[in-house]
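Some notes on the structure that comes next.
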Amino acid sequence: MKTFIFDLDHTVIDSSHRQLTRPDGSLCIASWRENSTREKIFRDRLMPLANFWRRVYDAQHVVIVATARQMSRHDFDYLYKHNLRFDSIVHRQIGEDTPDDIMKRDKLAHLFSAGNIDASRCVMFDDNTSVRRTVRRDLGVKAYHPKVMG
């Protein structure tokens, strides 16, 4: 049995209609939070990797969500509505501003040790280059851009 780790935005879910990008390429977090209403979340679209997620979960592999979102009830409802089941989730807490790669690395490391998960048997999909680089280097996780599955 393997462990598959999925990022959400720009990996499994196209939420770009809610995103405001600054001229330097960074995301405007205040705008993102303002656009995280139930109505707008439910306008997000699934990307091709969502089908793979369902298949690996149905095959009884472990599925972990690792997202930089602050997950709300609406986010969980969206995942449930689209049959995107998971065994564990790591996400940003309110007020947490740790860079995405460090936040995901630290929370996954804690989850791995608590759940006795072998990082070398994990496969991660994340659109963020720094996240992929950090989890490969520091945790030994095989990390890929979602386009390898699309």
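The values are calculated or read from the model by the stated rules, or taken from the named source; none is laboratory data. From a predicted model like this one, the values you see are computed outputs, not experimental measurements. Don't worry about glycine lacking a Cβ; one is built from the backbone with ideal geometry, like all the others, and counts go over all protein chains shown.
Checked against the criterion of being in contact with a helix residue (DSSP H, G or I) (Cβ under 9 Å, 6 or more places away or on another chain) and of a type in the set (Ser, Thr, Tyr), the candidates 16, 113, 36 yield just one match: 36.
With respect to residue 69, determine if the residue is outside any helix (DSSP H, G or I) and either under 16 Å from the mean Cα position of the chain (by Cα) or modelled with pLDDT of 90 or more (or both). When the stated conditions are applied, residue 69 passes them. Filtering the range 127-144 to residues that are within 19 Å of residue 48 (Cα to Cα) and modelled with pLDDT of 95 or more leaves 143, 144. Picking from residues in the range 85-104 that are polar (S, T, N, Q) and out of contact with any Asp or Glu (no Cβ under 9 Å at 6 or more places or on another chain), the one that is surrounded by the fewest Cβ atoms within 10 Å (Cβ to Cβ) is 93. Against the conditions (1) among the hydroxyl-bearing types (Ser, Thr, Tyr); (2) in a loop (DSSP other than H, G, I, E, B); (3) free of Cβ contacts under 8 Å to residues at least 12 places away in the same chain, residue 80 satisfies every one except (2). Pairing each residue of the range 44-66 that is over 11 Å from residue 85 (Cβ atoms) with any residue that is part of a strand (DSSP E or B) and charged (D, E, K, R), provided the two are 6+ apart or on different chains, yields C-beta distances under 6 Å for 45/14; 47/14.
The set of residues from the range 101-124 being under 14 Å from residue 62 (Cα atoms) and of a type outside the set (Asp, Glu) comprises 108, 111, 112, 115, 116, 117, 119, 120, 121, 122, 123, 124. What do you reckon, is residue 137 surrounded by 15 or more Cβ atoms within 10 Å (Cβ to Cβ) and farther than 21 Å from residue 36 by Cβ? It is false that residue 137 is surrounded by 15 or more Cβ atoms within 10 Å (Cβ to Cβ) and farther than 21 Å from residue 36 by Cβ. Taken over the range 58-84, the residue count meeting the criterion of being exposed (fewer than 13 other Cβ atoms within 10 Å of the Cβ), closer than 20 Å to residue 112 by Cβ and not polar (S, T, N, Q) is 0.
Residues checked against (1) charged (D, E, K, R); (2) more than 14 Å from the chain's Cα centre (by Cα):
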site	(1), (2)
105	yes, no
115	no, yes
124	no, no
140	no, yes
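Looking only at the range 106-120, decide whether some residue is touching a Lys or Arg at 6+ places or on another chain (Cβ under 7 Å) and either surrounded by fewer than 16 Cβ atoms within 10 Å (Cβ to Cβ) or not acidic (Asp, Glu) (or both). Within the range 106-120 (the criterion being touching a Lys or Arg at 6+ places or on another chain (Cβ under 7 Å) and either surrounded by fewer than 16 Cβ atoms within 10 Å (Cβ to Cβ) or not acidic (Asp, Glu) (or both)), the answer is no, since none of the residues qualifies. Among the residues making up the range 30-66, a single one is more than 24 Å from residue 98 (Cβ to Cβ), hydroxyl-bearing (Ser, Thr, Tyr) and in a loop (DSSP other than H, G, I, E, B): 37.
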